[in-house]
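One structure is given here, and the rest of the page talks about it.
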There are 2 protein chains.
Amino acid sequence: MTTNFYHDPAVDAVLISPRQMEIRLRLPSQDTAVRLLYWNKYKLDQYGIQSQPMVMWAESEDYKYYRTVLTGMESRIRYLQYKFEFESGGERQWLHSDGVKHTEETKGGFSLSYAGDRDAIDPPDWIGSRVWYQIFPERFSNGNKDNDPEGTEPWGSVPTRDNYMGGDLQGIIDRLDYLDSLGINALYLNPIFSATSNHKYDTIDYFAIDPQFGTADDLRQLVNKCHERDIKVILDLVINHCGYYHPYFQNVIQQGEQSEYKDWFYINQYPVVRSEEGYDSVGYYQWMPKLRTSNPAVQQYIFDIVSFWQKEAGIDGWRIDVADEVEISFLRELKSVVKRLNPNAIIIAEIWDDAKRLMLSGAVDSVMNYELRTLLFDFILDRSITLRQFHARLVHFTHRYSLAELGQMFNLLGSHDTERIITRCGGNEEDLLLLLAVQFMLPGNPTVYYGDEIGMTGENDPYCRAAMPWERLTIEHPLFKQWQFWISRKKSDSALQNGGIELQYMEESECYLIRRANESQSISLLINFSSSEVQLESIHNELGIRESTCIYRSSELGAAAASIHPRQFHVYQTTI
Amino acid sequence: MTTNFYHDPAVDAVLISPRQMEIRLRLPSQDTAVRLLYWNKYKLDQYGIQSQPMVMWAESEDYKYYRTVLTGMESRIRYLQYKFEFESGGERQWLHSDGVKHTEETKGGFSLSYAGDRDAIDPPDWIGSRVWYQIFPERFSNGNKDNDPEGTEPWGSVPTRDNYMGGDLQGIIDRLDYLDSLGINALYLNPIFSATSNHKYDTIDYFAIDPQFGTADDLRQLVNKCHERDIKVILDLVINHCGYYHPYFQNVIQQGEQSEYKDWFYINQYPVVRSEEGYDSVGYYQWMPKLRTSNPAVQQYIFDIVSFWQKEAGIDGWRIDVADEVEISFLRELKSVVKRLNPNAIIIAEIWDDAKRLMLSGAVDSVMNYELRTLLFDFILDRSITLRQFHARLVHFTHRYSLAELGQMFNLLGSHDTERIITRCGGNEEDLLLLLAVQFMLPGNPTVYYGDEIGMTGENDPYCRAAMPWERLTIEHPLFKQWQFWISRKKSDSALQNGGIELQYMEESECYLIRRANESQSISLLINFSSSEVQLESIHNELGIRESTCIYRSSELGAAAASIHPRQFHVYQTTI
């Protein structure tokens, strides 16, 4: 091992809480047996060096992956220096910031900047057991016919980009028993502030609920009733851009350079022309002009919006639309405003690719985990990569974050911006059940896009935004039962909430193991990705699993459970 | 190449200015010939894929290192997706975020979050040509006897931790001609606000110049006179802690839990006892209690300090004392206050170890580059590592930052907190000249600690804080001439200001090359680190250097310049 590229203290050491620091390491796969040796830089003489083992949680072709969490006094964590002890070719060696040493010393130890209270990840205290349910309000349920817009089409009409079916906040309130029966305990609503479209991403008044959806009072009522059932509620915050008909943008259109709002946007020429050259907009769609968040007036306006609704309705956080196109500096400032109002609020960023840049910048708590979704689909649905490649990518992804960060990620299979999951599965329910199992076993908060729990189908927008078929709906639907099962496990099983993770690729049998475990519980998902039936005895022995601990089989074929069929999986649970 | 650990978009892609993005890559050393392929994620169909070469600037045992800077329209930079094309075993391959592909595609390209104006590094427009001069005000020059404290000892007395010799701001003003003759063009002053010690790190009034040093008027005059000479001035900002006798801390001592300032500090017990258990302090030194920067009142207090002095005296920035123990979240907020007042101000953090965490967090512009100093000393002075190890570490360090970040680092050989450089060199001037050459050749702003330019000696504090010997001082001192030479090169040679960097370890001859080059100029430093004389002809040929371009030889031995003696160096300059 000639380089020190195996641990970057700027990236691989994360303050989880004021008294917890997670440290990650990878090693070349021939090295092994790792301990973290650490000391307080001011107190080395007094207290000396302490140590604790690193836990290997995965191994790939090239590397072994380790984690550990240091806990203790703030000063112990914050004036931390450390190094790693490992064995290479039978020799003890130490990885320092300035390279590998063959003798024991403290010079060149990794050293961390002191992290203040506010520098910690500090997830909301309620996040561990949550399962999100995403609602596209116009299409979930119509609870109040009086606020239906003119031209509202019958519930269940073919969805188009422009039509309305009358969904509203009262509708959601009316369906809380249903949501309770599914078991979800967190709601994410697509935008509900005044706008001109059915999706409401083109805001015209951030301080009013869209009249088609109801009133601030309805929102307050919804949040209160949800809170009574221990359901959290977050709203969609669309601040990368506003609507073309937002009065401030209209003011610029009308008054041009004289407008007091001209620096609220990115205007490229006057008079303002509705064209790509005229002004910047989201994805070059001119009806949603981009807001200039480097303008202090815009910043204050947005701070006022979040303050208003957090105080007015007591919501539990925000999903930031197109967060990957908003100034990171501004997102950080926004986060500190949101957290000052409610330290337990969550901020979830929309991002479709690698989220590390946003997460590392301290700008948001969580992201819509499209990256993980892509990876799962590449392997499980599209089979465009091998199991070995899948493992390498899943391990790589998991290694990039602390468990605290992974634990609050918004893990989704679909949304209002994708085809429906069962459609993406080509109707194959077995594939969906496999995805479900993997989704619930991995760290993070699983998400149900409204209607997916009853197998709603549909290609991407507008077809993934159909009306929820309440008339035909039954909670006896087999998919619903599956979702219900996993949601109840997420809520009851501490290992799924805060357990460590272990990922194992069994090359010979082409099986795959995802294990979550804490001090009191261990849950293992074993999947057969080979094309033939696999006998379980030797695998059980290798993994230390007892057959009798099996709590779930995806198929009752091979009911003796001594074997597992291709693309089927078993779940085992051990209480420790 | 089976993993994608060779480029991390969260770390290795840096927005330098709103229209410049630097992208870094390392490759296994057997791979080669790299191009960056990039596209606007919204405009792939319209504009297709563009490409430009990556520049290899170093090679180590295991890796090749590449950089490139993308320039262009904001949107081209900000909606950027990209991949790397390279050759491996004669085959063309592409590195994507999801691994290496053997066919051309765009799926899985690296994708960057949009970076807003304020997310850019954006170095101060004046930084490139600067050489800092650090002054410990109590010991530089006594320009006003009237403000000497009681018991002031004669100038040139043996320095102790407690004694005073009368240095002040008027003294600095009086010596500007001297500083001009040396050529430096930026001043960093150790603390000058009211305090009770000779070093003034125990502030008692942040809004007043210590009366022993002068008045706010003196500071204004100093800054104005410096600006007339194009010398920038920054002050020491000590906000990790204040002095024991700061009135707010005294208030807590006296009023205990009733004090309105109790949450300004980290008090562990009441009544407040002056002990390690009583309250947190810097390095456990109880006379400097730690300030609680997560308290909004403390934040505002510090914002008021920087606003006051930036407006009052027009200073050009701040050096943040013990920045690596200040809450990063607060440093970020501080930076935005400082930059709002003056976008061209610089913020330099004190940090003794790896600075990446601070730099990556966007909390500061620059750091005191003790990390580089340690590396140079390990090899050049202590010879505790081999040239190969030195090269690997220097390349590793350089790879961790964009050239824009490296270019504004405060590169120092010594300070008020270390032994004097000539003392560290054991009196060996040849070693010092070698360090000087390397320091001025590497990206960043070299620093002169007052008196080092005339060979002042002294172990660490208090002996490195002796009075500047003006009586015996001559600018004909050979060291002075050397510093003068390098400072003038830094100010005149654009390659040293903004040139790219190339680092080359010549294994056979044990020579080392540091080259800086831009479109108009190339400057090369060639050092013989072997223990025998090296003939230059073949090396010149290998490096494409013509003997006639030599502008500096560290020794006139071997004046024919066909060879280079051990630990000697040549500098070559080519105008392109």
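The values are calculated or read from the model by the stated rules, or taken from the named source; none is laboratory data. For clarity, every value in this text was computed on a predicted model and none was experimentally measured. Reconstructed Cβ throughout: ideal geometry from the backbone, glycine too, with neighbour counts over all protein chains shown. Note: accessible area is taken over every heavy atom of the protein model, side chains too, but ligands, DNA and RNA are not part of it. Shrake-Rupley method; radii C 1.70, N 1.55, O 1.52, S 1.80 Å.
Here is a check on your reading of the model: is residue B:373 within 9 Å of another protein chain (Cβ to nearest Cβ) and either open to solvent by 30 Å² or more (accessible area, probe 1.4 Å) or closer than 30 Å to residue B:433 by Cβ (or both)?
Considered against the rule, which asks whether it is within 9 Å of another protein chain (Cβ to nearest Cβ) and either open to solvent by 30 Å² or more (accessible area, probe 1.4 Å) or closer than 30 Å to residue B:433 by Cβ (or both), residue B:373 comes out as no.
In segment A:293-330, which residues are free of Cβ contacts under 8 Å to residues at least 60 places away in the same chain and within 9 Å of chain B (Cβ to nearest Cβ)?
Within segment A:293-330, A:293, A:294, A:296, A:324, A:327, A:328, A:329, A:330 meet the criteria.
Would you call residue A:240 in contact with a Leu (Cβ under 8 Å, 6 or more places away or on another chain) and within 14 Å of chain B (Cβ to nearest Cβ)?
So residue A:240 fits the description; yes.
For segment A:203-232, what are the residues that are in a helix (DSSP H, G or I) and open to solvent by 10 Å² or more (accessible area, probe 1.4 Å)?
Passing the criteria: A:216, A:217, A:218, A:220, A:221, A:224, A:225, A:227, A:228.
How many residues does segment B:254-278 contain that are open to solvent by less than 50 Å² (accessible area, probe 1.4 Å) and over 17 Å from residue B:326 (Cβ atoms)?
7
Among the polar types (S, T, N, Q) and either part of a strand (DSSP E or B) or closer than 18 Å to residue B:126 by Cα (or both): is that true of residue B:408 in this structure?
When the stated conditions are applied, residue B:408 passes them.
How many of the residues making up segment B:510-531 are assigned to a loop (DSSP other than H, G, I, E, B) and either in contact with an Asp or Glu (Cβ under 9 Å, 6 or more places away or on another chain) or among the aliphatic types (A, V, I, L, M) (or both)?
3
With B:129, B:111, B:157 as the choices, which residue is among the hydroxyl-bearing types (Ser, Thr, Tyr) and touching a strand residue (DSSP E or B) at 6+ places or on another chain (Cβ under 6 Å)?
On inspection, the qualifying residue turns out to be B:111.
Within segment B:494-516, count every residue that is open to solvent by less than 10 Å² (accessible area, probe 1.4 Å) and within 28 Å of residue B:185 (Cα to Cα).
7
Residue under question is residue A:428, and the condition is that it be away from chain B (no Cβ under 14 Å) and either surrounded by fewer than 23 Cβ atoms within 10 Å (Cβ to Cβ) or in contact with a His (Cβ under 7 Å, 6 or more places away or on another chain) (or both); does it hold?
Yes.
Consider segment B:111-164. How many of its residues are modelled with pLDDT under 95 and among the polar types (S, T, N, Q)?
2
Where residues in segment B:109-125 are in a loop (DSSP other than H, G, I, E, B) and open to solvent by 20 Å² or more (accessible area, probe 1.4 Å), which of them is farthest from residue B:405 (Cα to Cα)?
B:125
When segment B:161-183 is examined, which residues are found to be farther than 16 Å from residue B:448 by Cβ, assigned to a loop (DSSP other than H, G, I, E, B) and open to solvent by less than 20 Å² (accessible area, probe 1.4 Å)?
Selection gives B:163, B:165, B:166, B:167, B:168.
Rundown of residues vs (1) closer than 24 Å to residue A:388 by Cβ; (2) in a loop (DSSP other than H, G, I, E, B); (3) in contact with a Phe, Trp or Tyr (Cβ under 7 Å, 6 or more places away or on another chain); (4) within 12 Å of another protein chain (Cβ to nearest Cβ), yes/no style:
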{"position": "B:27", "(1), (2), (3), (4)": "yes, no, yes, no"}
{"position": "B:58", "(1), (2), (3), (4)": "no, no, yes, no"}
{"position": "B:82", "(1), (2), (3), (4)": "no, no, yes, yes"}
{"position": "B:92", "(1), (2), (3), (4)": "yes, no, no, no"}
{"position": "B:95", "(1), (2), (3), (4)": "yes, no, yes, no"}
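Listed here are the residues, each with its yes/no results for (1) closer than 30 Å to residue A:129 by Cβ; (2) at pLDDT below 95.
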site	(1), (2)
A:197	no, no
A:210	no, no
A:213	yes, no
A:262	no, no
A:275	no, yes
A:287	no, yes
A:294	no, yes
A:303	no, no
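Please indicate, with yes or no, whether at least one residue in segment A:551-574 is within 20 Å of residue A:487 (Cβ to Cβ), open to solvent by 30 Å² or more (accessible area, probe 1.4 Å) and hydrophobic (A, V, I, L, M, F, W, C).
yes
Of these, B:241, B:199, which one is open to solvent by 20 Å² or more (accessible area, probe 1.4 Å) and under 23 Å from residue B:316 (Cα atoms)?
B:199
Within segment B:397-407, can one find any residue that is open to solvent by less than 10 Å² (accessible area, probe 1.4 Å) and touching an Asp or Glu at 6+ places or on another chain (Cβ under 6 Å)?
Scanning segment B:397-407, I find at least one residue that is open to solvent by less than 10 Å² (accessible area, probe 1.4 Å) and touching an Asp or Glu at 6+ places or on another chain (Cβ under 6 Å), so the answer is yes.
So in segment B:382-393, with the set limited to residues that are crowded, with 18+ Cβ neighbours inside 10 Å and in contact with an Asp or Glu (Cβ under 8 Å, 6 or more places away or on another chain), which one is farthest from the other protein chains (Cβ to nearest Cβ)?
Across segment B:382-393, the extreme among qualifying residues is B:387.
Applying the selection to segment A:18-68, what residues are among the basic types (Lys, Arg) and either modelled with pLDDT under 95 or open to solvent by less than 50 Å² (accessible area, probe 1.4 Å) (or both)?
If the condition is that a residue be among the basic types (Lys, Arg) and either modelled with pLDDT under 95 or open to solvent by less than 50 Å² (accessible area, probe 1.4 Å) (or both), then A:19, A:24, A:26, A:41, A:43, A:64, A:67 are the ones that fit.
In this structure, is residue B:158 within 14 Å of another protein chain (Cβ to nearest Cβ), open to solvent by 10 Å² or more (accessible area, probe 1.4 Å) and aliphatic (A, V, I, L, M)?
no
For residues in segment A:541-576 being at pLDDT below 90 and in a helix (DSSP H, G or I), which is nearest to residue A:381 (Cα to Cα)?
My answer is A:547.
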